[in-house]
Amino acid sequence: MVITCLYANFTFISAVFFEAYRRKNNNAHVDAPAIFEDPNSLKQVPCPSIFDPAEKYLSLIVPAFNEELRLPGALDETMNYLQQRAAKDKSFTYEVVIVDDGSVDGTKRVAFEFIKKYTVDNMRIILLGRNHGKGEAIRKGMLHSRGELLLMLDADGATKVNDVEKLEKQIHAVAKQDKFRDSSADNSSFRISDIPIAAFGSRAHLEGKALATRKWYRNFLMKGFHLVVLLAAGPGIRDTQCGFKMFTRAAARKIFTNIRLNRWCFDVEVVYLCKWFKIPMLEISVNWSEIPGSKVNLLSIPNMLWELLLMSVGYRTGMWKIRS
């Protein structure tokens with residue numbers, strides 16, 4: 001029995017180190033060219049790069065996997081808000097980047113309908129071809145967006161899009177602090193995109209309140225998950241998994257060229273990398289409600305724990321190199 005247990009432990013530890021080593025260059029493929037399709041010409045057009053200068057003020061990245069039913073409502077709400085804001089402020093420019101993570105339903109068709117309506121300059125779709133995971137979809141969208149500020153938000157519309165102003169306001173407040181500003185530079189040379197800052201939407205304030213109507217098993221699983229996250233990434237952010245996060249262009253460039261986790265735990269890796277780069281992290285309460293159709297279930301937990309373990313081993317052994 002003892003020999004069996006030792007053998008099982010050795011096999012498990014070996015598997016962890018082997019998988020961590022296999023993923024050490026998992027971030028390298030982000031340099032491969034991405035494409036988006038123009039729905040009118042159906043031509044594939046090269047995407048811009050996060051290393052290019054910003055062309056828009058705000059980019060909204062929406063990962064989508066089989067979201068044919070939930071995506072239209074979220075996009076309608078998002079575009080209504082953006083158009084109203086642009087009408088009031090002529091300097092406000094934006095784009096919505098939908099990243100289709102290998103959907104097999106009508107997600108691509110729905111996205112194309114919206115792109116035809118709002119033009120390819122304001123809305124684009126990146127096709128990943130096959131399912132990679134939410135983390136990879138977000139990463140691809142971030143690395144090929146044009147905004148000074150980049151917001152990731154879920155396709156279900158669980159967080160109200162106008163809460164973007166809460167995150168945006170706090171980022172600007174931090175960026176204006178003296179330690180981030182060159183006192184010799186005038187205001188005209190100041191660009192929010194050049195200062196690395198991250199703002200995380202948070203549902204932590206909703207715990208125990210009726211507004212947070214998660215199913216019982218999700219609450220139970222999230223409590224355990226938060227404990228594991230605390231051990232893996234340390235304290236600082238109470239709600240790492242809220243799908244509403246904003247990054248300046250400089251922060252996104254540092255973080256998303258290093259991300260290796262493809263699925264649900266990429267959020268935790270984002271926190272880890274923010275700490276590594278000493279990027280200021282803001283946690284800001286947002287309005288949130290559970291939308292039917294969540295893809296998180298009991299079977300997601302083992303994968304989450306596995307990815308957290310790989311992350312801990314990869315970074316702490318130095319197998320996962322961080323490039324600046």
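Have a look at Phe12, Leu143, Leu69 and report the one farthest towards the positive end of the charge dipole of the range 8-150, computed about the Cα centre with Cβ charges (Lys/Arg +1, Asp/Glu -1).
Phe12
Among residues other than Glu283 whose Cβ falls under 12 Å from its Cβ, what is the net charge (Lys/Arg +1, Asp/Glu -1)?
Working: positive: Lys166, Arg203, Arg238, Lys245; negative: Asp239.
Local net charge: +3.
With θ set to phi - 60°, apply the Karplus curve 6.51 cos²θ - 1.76 cosθ + 1.60 along the range 2-10 and write out the HN-Hα couplings as whole Hz, x wherever there is a Gly or Pro.
4, 4, 4, 5, 5, 5, 5, 5, 4
Using a 1.4 Å probe on the protein chains only, how many percent of the accessible area of the range 1-155 belongs to carbon and sulfur? Spell out each step's value before the answer.
Numbers: 4430 of 7490 Å².
Percent of accessible area from carbon and sulfur atoms in the range 1-155: 59.
Express the relative contact order of the range 1-159 as a whole percentage, based on alpha carbon pairs under 8 Å and six or more residues apart in sequence. Walk me through the numbers before you get to the answer.
Details: 253 pairs, mean separation 53.6, N = 159.
Here the relative contact order equals 34 percent.
Give me, ordered by chain and number, the residues 5 or more places off Ile61 or on other chains with an amide H under 5 Å from its own placed amide H.
Close amide H contacts, sequence-distant or interchain: Val97, Leu151, Met152, Leu153.
Can you give me the long-range amide H partners of Ser202? Hydrogens built in the peptide plane at 1.01 Å from N, cutoff under 5 Å, separation of 5 or more residues or another chain.
Ile284, Ser285, Val286
Strictly over 25 Å apart at the Cα level, which of Lys24/Lys169; Lys116/Lys166; Lys56/Lys176; Lys108/Lys275 would you flag in this model?
Too far apart for the 25 Å limit: Lys24/Lys169; Lys116/Lys166; Lys108/Lys275.
So how do Phe51, Phe200, Phe114 rank on accessible area, 1.4 Å probe, biggest first, that is with the largest at the start?
On the way: Phe51 125, Phe200 0, Phe114 20 Å².
So, going from the largest accessible area down, we get Phe51, Phe114, Phe200.
Please turn the phi angles of the range 145-158 into ³J(HN,Hα) values with the Karplus equation 6.51 cos²θ - 1.76 cosθ + 1.60 (θ = phi - 60°), one per residue in order, whole Hz, x for glycine and proline.
With coefficients 6.51, -1.76 and 1.60, one gets 10, 10, x, 6, 10, 10, 10, 9, 8, 6, 6, 8, x, 5 Hz.
Counting only heavy atoms of the protein chains, get the accessible area per residue of the range 56-196 (1.4 Å probe) and round it to a whole Å² value.
Heavy-atom accessible area per residue stands at 42 Å².
Just add up the charged neighbours of Glu269: K/R +1, D/E -1, any other residue whose Cβ is under 9 Å from the Cβ of Glu269. Show your work: numbers first, answer last.
On the way: positive: Arg260; negative: Asp267, Glu307.
With Lys, Arg at +1 and Asp, Glu at -1, the neighbours total -1.
The values are calculated or read from the model by the stated rules, or taken from the named source; none is laboratory data. Bear in mind the structure is a predicted one, so any value in this text is a computation, not a measurement. Positions of Cβ are generated from backbone atoms using ideal geometry, with glycine treated the same way; all protein chains shown enter the neighbour counts. Accessible surface is based on the protein model in full, side chains and every heavy atom, while ligands, DNA and RNA are left aside. Shrake-Rupley method; radii C 1.70, N 1.55, O 1.52, S 1.80 Å.
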